[in-house]
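The structure that follows is given in the form of structure tokens.
The values are calculated or read from the model by the stated rules, or taken from the named source; none is laboratory data. Small disclaimer: the values here were computed from a predicted structure and weren't measured. When we count neighbours, we look across all protein chains shown, and the Cβ atoms used for this are built from the backbone with ideal geometry, even at glycine. What goes into the accessible areas is simple: the full protein's heavy atoms, side chains included, and nothing from ligands, DNA or RNA. Shrake-Rupley method; radii C 1.70, N 1.55, O 1.52, S 1.80 Å.
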Amino acid sequence: MLLDTYGRTATDLRVSLTDRCNLRCTYCMPEEGLSWLDKPELLTDDEIVRLIGIAVGLLGVKDVRFTGGEPLLRRGLTGIVARCAALEPRPRLSLTTNGVGLARTAAALQAAGLDRVNVSLDSTDHDVFERITRRRRLDDVLAGLAAAKEAGLTPVKVNAVLMRGLNDGEAPSLLAWAIDHGYELRFIEQMPLDAQHGWQREEMITAGEILASLRTRFTLTPEETERRGSAPAERWTVDGGPHRVGVIASVTRPFCRACDRTRLTADGQVRNCLFAREESDLRGALRSGADDEEIAELWRVAMWGKKAGSGLDDPAFLQPQRPMSAIGG
Ligand code: SAM
Ligand code: SF4
């Protein structure tokens, strides 16, 4: 098992498949100038499947989520999913994507064994979408969402980040739209993980603001906290149910005490926290012939060193060197 000194067990693995992306969301990437990992640095498909096999077979991981960068840009994705679905015990498999390439891949991914998707979408207005992502691709995302639902990658969840002065007025209309389409909406507080280090606490839209805005149009009832478990989203039923909305308040209401995450970057580094400043190299061990148990032990040691919290409230907080797109969000 992947234990740490605070008694937490990591069973949820996030795997970044690439640091590249076809959008340029302002809270994540700069317009240009970001350098990419070179091909030899990236884990191969075989290496990824082997590491996931070790996580599932020897370390107790039960959920595997593919992310990035944009994971649909990884050519071997469908094959990786199929091989992970054949692992014993079979992990639950999900994908976090911007949805741009999902219309043509959703059915194949579902057939390969993918269980669910989370699609990131911050606005249903073409101009606002373009201002946030710097690309005019809203129609592709909407088509991707529809295809995911059609393929049965359900419940389809939509992740939205609100940015002051850009889409902060859209919370109620986004929720109405999500309910209308049968998607489960979750708002994510903006975190200091952008490559350009532009995050400012005063500028961030807080969970409190999001809820107040939603309550101008909907009646929200908190779900019992027991149901939250280690899931980062706090959830509310909307207008008496059955629809729900979630808020992931990593900054103002952190959930570190219940964290069950472990992360693998596209170049084979284990991170025990999104905000960690240290990484542990599995790729080196893998490429120098280590056996599965040796790699598992390196992974255990990496998780044992996990800190109690993200450190966001510490005045000495330092943003991790890698941005969200390179860690895997
Ligand atoms: N490209 C895919 C996507 O956008 O879904 C997967 C990777 S992206 C880094 C994963 C999630 O992180 C997205 O939902 C995105 O909105 C979120 N994200 C990126 N930068 C963020 C930030 N600075 N604060 C909060 N969420 C962020
Ligand atoms: Fe790309 Fe996702 Fe980052 Fe947007 S949030 S730039 S889609 S990796």
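Counting only other residues whose beta carbon sits under 15 Å from that of residue 324, what net charge do I get with K and R as +1, D and E as -1?
Result for the local shell: +3.
Here is a follow-up. Residue separation times 0.36 nm, minus the C-alpha to C-alpha distance between residue 307 and residue 131: what's the value?
Once the chain is fully extended between residue 307 and residue 131, it gains 59.7 nm.
In addition: Using DSSP, restrict attention to beta bridges with both residues in segment 178-329 and report what percent are antiparallel, rounded to the nearest 5.
Rounded to the nearest five, the antiparallel share is 75 percent.
Turning to a different aspect of this structure: Take every DSSP beta bridge whose two residues both sit in segment 12-327, then give the antiparallel share in percent to the nearest 5.
Of all bridge pairs located within segment 12-327, approximately 30 percent are antiparallel.
For the chain, what does the helix formula give at 222 nm: sum of -39500 (n - 2.57) over DSSP H segments with n ≥ 4, over the residue count, nearest 500 deg cm²/dmol?
-8000 deg cm²/dmol
Carbon and sulfur together cover what percent of the accessible area of the chain at a 1.4 Å probe radius?
After summing per-atom areas, the C and S share lands at 50 percent.
Under 10 Å from the Cβ of residue 76, count the other residues' Cβ atoms, weight Lys and Arg +1, Asp and Glu -1, and hand me the total.
Result for the neighbourhood of residue 76: +1.
Which three numbers, in whole Å and largest first, are the semi-axes of the equivalent ellipsoid of segment 159-310 derived from its Cα gyration tensor as √(5λ)?
36, 18, 14
Isolated Cys in the chain by the 4.7 Å beta carbon test?
Cysteines lacking a close Cβ partner in the chain: 21, 84, 256, 259, 273.
For the peptides 73-85, 206-218, what is the packing order when you average, over each peptide's residues, the other Cβ atoms within 10 Å and list the highest mean first?
73-85, 206-218
Give me the net charge for the shell around residue 99: Cβ to Cβ below 11 angstrom, other residues only, Lys and Arg +1, Asp and Glu -1.
-2
Can you tell me the accessible area per residue over segment 106-214, all protein chains present, probe 1.4 angstrom, in square angstrom?
Roughly 38 Å² per residue, with all protein chains present.
Moving to a separate point now. Please compute the modelled spin-label separation between residue 203 and residue 1, points set 7 Å along Cα→Cβ, answer in nm with one decimal.
Label at residue 1, label at residue 203, 4.2 nm between them.
Also, quick follow-up: Binning every alpha carbon pair distance of the chain at 20 Å from zero, what are the percents per bin?
Bins of 20 Å from zero give 32, 62, 6 percent of pairs.
Distance between Cα centroids, segment 142-220 to segment 237-305: provide it in whole Å.
Spelled out, the Cα-based centre of one part sits 23 Å from the other.
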